[in-house]
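Encoded as structure tokens, the structure appears first; notes follow it.
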Amino acid sequence: MSEESSSRNEKEMRDEQAASAADPPFEAPRNEGSKDKDASSNDVPQTAQPELSRIAGVLVLVPVILTYFLWFLDLAVISTATPAITSEFNSLVDVGWYGGAYQLGSSAVTPLTGKLFRFYINLPVGAVVGVLLVLFRIPEPEPKKPAREVLGTAVKSLDLPGFALISPAVIMLLLGLQFGGNEHPWNSSIVIGLIIGAAAMFVCFLFWERRQGDEAMVPFALLTNKVIWSAAGNMAFVLASILVADFYLAIYFQAVNNDSPLMSGVHLLPTCLGLVLFTIISGVMIEKLGYYLPWTVSGSAISAIGYGLLSLLSPTTPAAKWIGYQVFYGVGSGCTAIAGYIAVQNLVPAAQIPTAMAIVIFCQGMGGAVFLIVANAVFSNSLRRLLRLQSSKIGLAPDAVVDAGARGLRQLIPDGERLAIVLRAYTDSIDNVMYVGVGVACVAFAFAWGLGFKDIRREKAMSNAQTTRSVAAKEKDLEAGS
């Protein structure tokens, strides 16, 4: 009886092993909108993801961190120097254009304000970054084609016609938003023509990109992937949210509180510390827990609330309040700062990650540039309207006050009731800008939901397992062929 039972158990075990061998291996789910790779991509052998030692990982991360340090340093310098620049050049209405042009990369040479030594710190740090990138190789998710083979198609892959279409569209849009209500009325032919021209060029750009297919600067096939377009939209509004607060808080401190550019930067530390600290915390927790969506959703909501609190600023707001408002806003911004990147890098097929990241970064820069101009339009139009209503009490034309700039305000109106009226107009206009920030943060909140509630630890394990099976299958085929 025991022999029959043992024989039956052995037979059942053999049947289970045969069934499991017959079942196909578990495949990682394909992302929405992902297409089959073209023939050229199949020529590149798949390899398992390279693993870095702790020391090598640190050496690779150091130049990346230093690069981001330079980027944020330049943003901080531009935002805190902008109020002084407005006084030097009598151009308060150009605040958005300074930041917008910087984001587009079109202002490689900054205005000669006599303070270029602020940028010299870029040189030694940049040198360190360059040396580290030369000495230490950053591992690639997939083997790359030889350089000579890539150079043969480099010009075509740049999509220069697409760039020639999108560049004037962006410039015309920014100029239209900049001119509206400042140099020209909103209903003027110049402003309307610029905005309509921008729309027409953008439509032409879309048609061209669709015609180019996979060779386009922004391939439409990738935009059907929900993770990619959600990350692009989310990061565009996240950066816009960060920049709007950064620029207009600097104006608040220098124009209303009469801070120097140095003290203005010091008073922005609550925002900077909250942003940096919670960017690190959210990154570590996402790595540990695997879920990025709770951080970006809650961060966008907290940012919107923080902007709502910042809209309460007045000429007499005590330090305790504006510090608390900044901490609240900075924490929210830090929670949202990297979730879009993490989603793309973990949920998009490895071969598509470089293009997907380029799309996200492009949209991020565009969002920051456009909404700085939008915020500037709201600020300048609101300030002119409020000054016009109080012009009889101020005794000066609105243009005279605006042309004085943020730092030259007290030279024009030293003190007294007239200065109090002008400062109130400034803070009310800045409060209106903060309402724009509330809307921007809410749109970032909406885009965040499209990133999906995914556990990146599981997705990464499934992707590595699939790659390992693919490599093993190819090696087995090669052995069988030989």
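Just checking, which of 349, 294, 354 is crowded, with 16+ Cβ neighbours inside 10 Å, under 23 Å from residue 457 (Cα atoms) and free of Cβ contacts under 8 Å to residues at least 40 places away in the same chain? Testing whether each residue is crowded, with 16+ Cβ neighbours inside 10 Å, under 23 Å from residue 457 (Cα atoms) and free of Cβ contacts under 8 Å to residues at least 40 places away in the same chain leaves just 294. Residue pairs whose Cβ atoms lie under 6 Å apart, separated by 6 or more positions or on different chains, with the first residue in region 389-413 and without any contact (Cβ under 8 Å) to a residue 24 or more places away in the chain and surrounded by 14 or more Cβ atoms within 10 Å (Cβ to Cβ) and the second part of a helix (DSSP H, G or I) and basic (Lys, Arg), are 398/384; 398/388. Do we find that residue 299 is buried (at least 24 other Cβ atoms within 10 Å of the Cβ), over 16 Å from residue 407 (Cβ atoms) and modelled with pLDDT of 90 or more in this structure? Yes: the conditions hold for residue 299.
The sole residue among 199, 221 that is within 30 Å of residue 451 (Cα to Cα), assigned by TED's automatic domain parsing to the domain that holds residue 172 and assigned to a helix (DSSP H, G or I) is 199. Going by what's in this entry, would residue 264 be described as more than 24 Å from residue 422 (Cβ to Cβ), touching a helix residue (DSSP H, G or I) at 6+ places or on another chain (Cβ under 7 Å), part of a helix (DSSP H, G or I) and among the hydroxyl-bearing types (Ser, Thr, Tyr)? So residue 264 fails the test. Considering each residue of region 226-248 in turn, at least one proves to be buried (at least 21 other Cβ atoms within 10 Å of the Cβ), modelled with pLDDT of 85 or more and of a type in the set (D, E, K, R).
If you go through region 207-225 and pick out every residue that is surrounded by fewer than 17 Cβ atoms within 10 Å (Cβ to Cβ) and not small (Gly, Ala, Ser), you end up with 8. Pairs linking a residue in region 178-195 that is under 15 Å from residue 374 (Cβ atoms) to a residue that is among the acidic types (Asp, Glu) and at pLDDT below 90, with Cβ atoms under 9 Å and 6 or more positions apart or on different chains, are 178/94; 182/94; 191/183. Scanning region 196-207 for residues that are aromatic (Phe, Trp, Tyr), in contact with a helix residue (DSSP H, G or I) (Cβ under 6 Å, 6 or more places away or on another chain) and free of Cβ contacts under 8 Å to residues at least 40 places away in the same chain gives a single hit, 202.
Residues satisfying the criterion are present in region 351-367 (criterion: more than 30 Å from residue 177 (Cα to Cα) and in contact with a Ser or Thr (Cβ under 6 Å, 6 or more places away or on another chain)). Here is a check on your reading of the model: is residue 424 basic (Lys, Arg), part of a loop (DSSP other than H, G, I, E, B) and either under 27 Å from residue 236 (Cβ atoms) or in contact (Cβ under 8 Å) with a residue 40 or more places away in the chain (or both)? Spelling it out, it is not the case that residue 424 is basic (Lys, Arg), part of a loop (DSSP other than H, G, I, E, B) and either under 27 Å from residue 236 (Cβ atoms) or in contact (Cβ under 8 Å) with a residue 40 or more places away in the chain (or both). Only one of the numbered conditions (1) hydroxyl-bearing (Ser, Thr, Tyr); (2) out of contact with any Cys (no Cβ under 7 Å at 6 or more places or on another chain); (3) in a helix (DSSP H, G or I); (4) surrounded by fewer than 21 Cβ atoms within 10 Å (Cβ to Cβ) is violated by residue 333, and that is (4). Taken together, 372, 313, 309 contain a single residue that is of a type in the set (A, V, I, L, M) and not in a helix (DSSP H, G or I), which is 313.
Of the residues examined, residue 304 is one that is over 30 Å from residue 419 (Cα atoms), among the hydrophobic types (A, V, I, L, M, F, W, C) and surrounded by fewer than 23 Cβ atoms within 10 Å (Cβ to Cβ).
The values are calculated or read from the model by the stated rules, or taken from the named source; none is laboratory data. Owing to the predicted nature of the structure, the values given are computational and were not obtained by experimental measurement. Ideal geometry is used to build each Cβ from the backbone, glycine not excepted, and the neighbour counts take in all protein chains shown.
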